[in-house]
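Accompanying notes for the structure given below.
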Amino acid sequence: VQLQASGGGLVQAGGSLRLSCTTSGGTFGTYIMAWFRQVPGKEREFVAGITWSDSRTRYADSVKGRFTVSRDKNTVLLQMYALKPEDTAVYYCAADSGSGWMIRTTAREYDYWGQGTLVTVSS
């Protein structure tokens, strides 16, 4: 399984960005896909998740109403609006092969990870 994240960059507060996670090398039908983020010195934090099979979603409270996760064929998207400086982080896409239906929020539950893409929000 390979995950390739892209789309990060520098944006002003209030702006938007769209991250993409291209997937390959696996049968994702029962997988849960998620986005996490991490800043130096902190643990990796759940941002949003989506079930591959029926596109149910789950969001961290800190991004609810501002971020939208979706899937388009083999790509998982994270559309981010109204960005804040505290959204600055390296964003990772991840795949959980073992949950079946529950969108888990703990990084250690995820089996596969992309390489990360940096999002910087300036104030």
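The values are calculated or read from the model by the stated rules, or taken from the named source; none is laboratory data. In this text the structure is predicted, and so the values were computed from the model without any measurement. Heads up, the Cβs are rebuilt from the backbone with ideal geometry, glycines too, and the neighbour counts pull from every protein chain shown. Protein only, heavy atoms only, side chains kept; ligands, DNA and RNA dropped before computing areas. Shrake-Rupley method; radii C 1.70, N 1.55, O 1.52, S 1.80 Å.
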Hey, could you get me the Stokes-Einstein D for the chain, Kirkwood radius over alpha-carbon pairs, 10 °C and 1.306 mPa s, rounded to whole µm² s⁻¹? 112 µm²/s
Work out the FRET efficiency for V1 and L118 from their Cβ-Cβ distance, taking R0 = 22 Å, and round it to the nearest 0.05. 0.45
Karplus-derived 3J(HN,Hα) from phi for the stretch 107-117 (6.51 cos²θ - 1.76 cosθ + 1.60, θ = phi - 60°), whole Hz, x at Gly and Pro, runs 4, 5, 6, 9, 8, 10, 9, x, 8, x, 9
Could you give me the ³J(HN,Hα) list for the stretch 56-61, computed from phi with Karplus coefficients 6.51, -1.76, 1.60 and θ = phi - 60°, whole Hz, x at Gly and Pro? 5, 10, 8, 10, 5, 4
Counting only protein heavy atoms, what percent of the accessible surface of the stretch 19-123 is carbon or sulfur at a 1.4 Å probe? 48 percent
Normalised contact order of the chain, rounded percent, pairs of Cα under 8 Å and 6 or more residues apart: 36 percent
Charged-residue dipole, Cβ positions (Lys, Arg, Asp, Glu), the chain about Cα centre, Debye nearest 20: 160 debye
What does the accessible area of K64 come to, in Å² to the nearest 10, when a probe of 1.4 Å is used? 120 Å²
